[in-house]
Amino acid sequence: MKDAAPQMILLSDYEAPDWRVEAVDLSFDLDPEATRVTSRLRVRRVAGSPGVPLRLHGRELERLRLEVDGAAPAADAVTEDAEGLLLQGLPDSAEIVIETRLRPAANTALEGLYVSGGSLCTQCEPEGFRRITYFPDRPDVLTRYRVRLEADAGRYPVLLANGNRMEAGELPEGRHYAVWDDPFPKPSYLFALVAGDLACESDRFVTRSGREVALEVYVEYHNRERCAHALASLARAMRYDEEAFGREYDLDVYMIVAVDDFNMGAMENKGLNLFNAKYVLASPDTATDSDYVHIESVIAHEYFHNWSGNRVTCRDWFQLSLKEGLTVFRDQEFTTDNTLFGVKRIDDVQRLRAFQFPEDAGPLAHPVRPDRYAEINNFYTMTVYEKGAELIRMLGTLIGRDAFRQGLDAYFERFDGQAVTTDDFVEVMAEVSGRDLGLFRRWYTQAGTPRVTARTGFDAAARTLRIDLQQRTPPTVGQQDKAPLHIPLRIALLGRDGRRMSGRLGAASAADEWVLEVTAASQSFQLSDLAEAPAAISWLRAFSAPVLLDAGQGTAELAHLVAFDDDAFARWDAAQSLLRRAVTARVAGQADTALEAILTDAMATLLDDAGVEPVLLAALLELPAHRELLEWFEQVDPIAVHAARTQTERAVFGPIAEALQRCQPEVASTDNGEFTAAAMGRRRLLNQILAMRVALEAEGAAAAAARQYHQARSQTLRMGALAALNDAEHPLREELMEDFERRYRDDPLVLDKWFALQAGSQIPGGFERLDRLLHHPGFRWPNPNRVRAVLGPFMAANHRHFHQEDGEGYRRVGAFIERLDGLNPQTAARLVQPLTRWRRLDPQRGERMREELERLAGLEGLSRDLNDMVQRALAPEPESHSAG
Ligand code: BES
Ligand code: ZN
């Protein structure tokens, strides 16, 4: 029988480890078919806990040897259970030797030791180390590692592990070895090794204090020419961490290895990062601007973990956001200051609203610091990552820049070499700032997106503005009652001339921007000394808190913000609000033509305004994503939402199609393929306008797309042209898709873009296309990038087929996920996410989707990862849930 309610791990059960591992010596005799691992552990009982057994985690291991202080332990001293081994009756300190045998070639889960291409590599976070050897595989056990690797010298000339290489040499029978030593004690999840026949592209970096660091990127030989951007990004990230955060690198070498088969984006193993090749390799012909930006930010993210995660690590996996939220915040700051500037915040908020808000409102809702889990792999979520980063940003807003930086310094210094909690982090921030952050902590423990309602009244005689605020967080699974949070609301007032007005908040001196600290369910503020009634209020500037705000603003006020707001986010958000209202009116069956006309005027003005940067203009023109629009309905037909979105786009932009075209000069004459912020911004605008013109079926738009495709000097414009045509039943689409496939058929990472377009296209015949993709010579079930490239866009973009009314799309997805689960549970569990939102669809579709989930739930042999997701998706929802 299947276990419907899997075993829960609870935060409240946390106990500090009873045993320390003082050092570990690992020896690997590497072979894809049979690898032997010998582990020598020096363990010591922590004072004050005599008699407690030693827990060694282990999973799917073949045990060849177990010795304690040189002898086999008595039979009754060793218990084996589902978690691994329990050793009883040990002396206070002991040397344990364990030998295991692994079969990396058969490991399709891509956790532990596995084969990718011709290389052997590892992925240990969060619990992969226990698939390599028996060990206390928990992040609060920090150990010094010494690693010896031995392998066939011809097949695996490169042998890498964490830290510094101490020794290497030849062995009989064509074998060789290398010994690595990592001087920094680390948890097992940061362990890594690589053996392969790889090219090394290198550079050097001198740290602020003069340490020389070798930067090395390892890739397959044919990819040697595609490493320059990764190397340059790494050096930029290292410099930035010194300058912006005062953090320096601490080893003599920093290695990045690109592998084709990887469950995630990348992994921050100490001194030896492993990367999905997608986030390393780039050349102008193969990578888009967005690929370049992602590569830079993932490289920075993993580098920043060296302090936020590695030097200071997590006590337990409930504290995951301690490292991930903080590191996402750090990489966001980096990308803002180096590459994207103002538009970065817009991109991040868009993602948060499209993915984290729905998570927080659905069956997978959980706090930033969860208090229970069945499978930790399923908690690497938008909430832990992106909302977690928002909490860090809010702390900065509340305590101020200088105190925040001081707090970070104190955090890294005080907890260096330790495994700590999110409470420890907030505590340091409270201490350095002298602020009471007691209420703020609730953000970590309470799930759900707060709704903030704002109403204002201007008193002309007193020249004051009264602001009444209310907050409420709807119930989420397992958390019925919600309490108020500490919310920083950044606001400004715009006068009729569009400029910021000056005024005073309470007794403070005059200013033209304020942070209102909302701490109660209902609260009022007053701004005084105002020259006139504000023409518009710029709310939630720079998105100062992850909340849903209802400020009751009228069309004219929002249009004023679109025209004048100097905060790029707030300006964009005002445009989004207007566009969203126009779409929702159409979903309700009643186009708001007056609103659409105002939008047309506002957009025309923006198109003529030379003062608006191209990259911001591109964002301002964009309609809210389908994914995000769905959130505004309790239950909705997703195909109707798509249709309403398209109709709104036509209604708003149809009348100004010519103005759009004027903004889109011929590509060949304007784009030089450079990777500067300005050039990337221009390309983003070119692609945005081209896509809109094709969607409007504007005169000559398809031909313009074809010209852009052929003349493009960058993959950005080539892909942009292809993407613009993707939903068009136009012969040019077929022609260009064939051309693209021919051009890149031997380049899997580029072919993934083609897979994504084919799977995401809404032109008729979607199921046949899906079948053809699955039988395409470039498709491989064991490769996560391939399966994601096909299934992801099918669910995210191909509304017509995924949501086909008879449920065929859901059944296709279910069958796909079932098959994938047999190979790679972690990837299957991630991809099933769109099926968990069945309650928000119209009842007919919701029922079809639920049936597919039920079918999956009933399967024998479902992985723990997928089972956990399916069970949570089907569990009853909290009472009085409301989409708000
Ligand atoms: N530590 C994670 C990688 C990871 C995630 C390992 C889940 C095991 C399970 C890494 O630092 C990370 O967060 N990577 C992200 C990309 C990053 C830029 C947010 C990823 O892999 O998606
Ligand atoms: Zn991370």
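The values are calculated or read from the model by the stated rules, or taken from the named source; none is laboratory data. Note that this is a predicted model, so its numbers are computed, not measured. Heads up, the Cβs are rebuilt from the backbone with ideal geometry, glycines too, and the neighbour counts pull from every protein chain shown. Heads up: the accessible areas ignore ligands, DNA and RNA and are worked out on the full protein's heavy atoms, side chains in. Shrake-Rupley method; radii C 1.70, N 1.55, O 1.52, S 1.80 Å.
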Being assigned to a loop (DSSP other than H, G, I, E, B) and modelled with pLDDT of 95 or more: is that true of residue 440 here? yes
Going through (1) farther than 21 Å from residue 738 by Cα; (2) surrounded by 20 or more Cβ atoms within 10 Å (Cβ to Cβ); (3) of a type in the set (Gly, Ala, Ser) one by one, residue 673 fails only at (2)
ask   = Do we find a residue being open to solvent by less than 30 Å² (accessible area, probe 1.4 Å) and within 17 Å of residue 143 (Cα to Cα) anywhere in the range 55-69?
value = yes
Of the candidates 736, 751, 732, the one satisfying the condition of being in a helix (DSSP H, G or I), under 23 Å from residue 223 (Cβ atoms) and of a type outside the set (D, E, K, R) is 751
Per the list (1) in a strand (DSSP E or B); (2) of a type outside the set (Gly, Ala, Ser); (3) touching a Ser or Thr at 6+ places or on another chain (Cβ under 9 Å), residue check on residue 453 breaks on (3)
Exactly one of 805, 734 is touching a residue at least 40 places away in the same chain (Cβ under 8 Å) and open to solvent by 40 Å² or more (accessible area, probe 1.4 Å), and that one is 805
Among 335, 286, 313, the single one that is more than 16 Å from ligand 1 (Cβ to nearest atom), polar (S, T, N, Q) and modelled with pLDDT of 95 or more is 286
query = Somewhere in the range 182-194, is a residue basic (Lys, Arg), closer than 21 Å to residue 122 by Cβ and open to solvent by less than 10 Å² (accessible area, probe 1.4 Å)?
reply = yes
Scanning the range 262-300 for residues that are within 12 Å of ligand 2 (Cβ to nearest atom) and over 25 Å from residue 112 (Cβ atoms), the one nearest to the chain's Cα centre (by Cα) turns out to be 297
Scanning the range 117-126 for residues that are open to solvent by less than 10 Å² (accessible area, probe 1.4 Å) and closer than 24 Å to residue 864 by Cα, the one farthest from ligand 1 (Cβ to nearest atom) turns out to be 121
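For every residue, the table says whether it meets (1) surrounded by fewer than 23 Cβ atoms within 10 Å (Cβ to Cβ); (2) of a type in the set (D, E, K, R).
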position: 114; (1), (2): no, no
position: 140; (1), (2): yes, yes
position: 159; (1), (2): no, no
position: 164; (1), (2): yes, no
Check: Somewhere in the range 552-568, is a residue assigned to a strand (DSSP E or B), surrounded by fewer than 18 Cβ atoms within 10 Å (Cβ to Cβ), more than 34 Å from the chain's Cα centre (by Cα) and aliphatic (A, V, I, L, M)?
Finding: no
Item to check | Meets criteria (more than 10 Å from ligand 1 (Cβ to nearest atom), crowded, with 21+ Cβ neighbours inside 10 Å and over 20 Å from the mean Cα position of the chain (by Cα)) for residue 241 | outcome: yes
Do we have residue 280 as among the β-branched types (Val, Ile, Thr), buried (at least 23 other Cβ atoms within 10 Å of the Cβ) and more than 11 Å from ligand 1 (Cβ to nearest atom) here?
yes
Residue 331 meets each of (1) under 13 Å from the mean Cα position of the chain (by Cα); (2) within 16 Å of ligand 2 (Cβ to nearest atom); (3) open to solvent by less than 10 Å² (accessible area, probe 1.4 Å) with one exception, condition (3)
Of the residues in the range 31-51 that are in contact with a Phe, Trp or Tyr (Cβ under 8 Å, 6 or more places away or on another chain) and among the aliphatic types (A, V, I, L, M), the one that is farthest from residue 149 (Cα to Cα) is 46
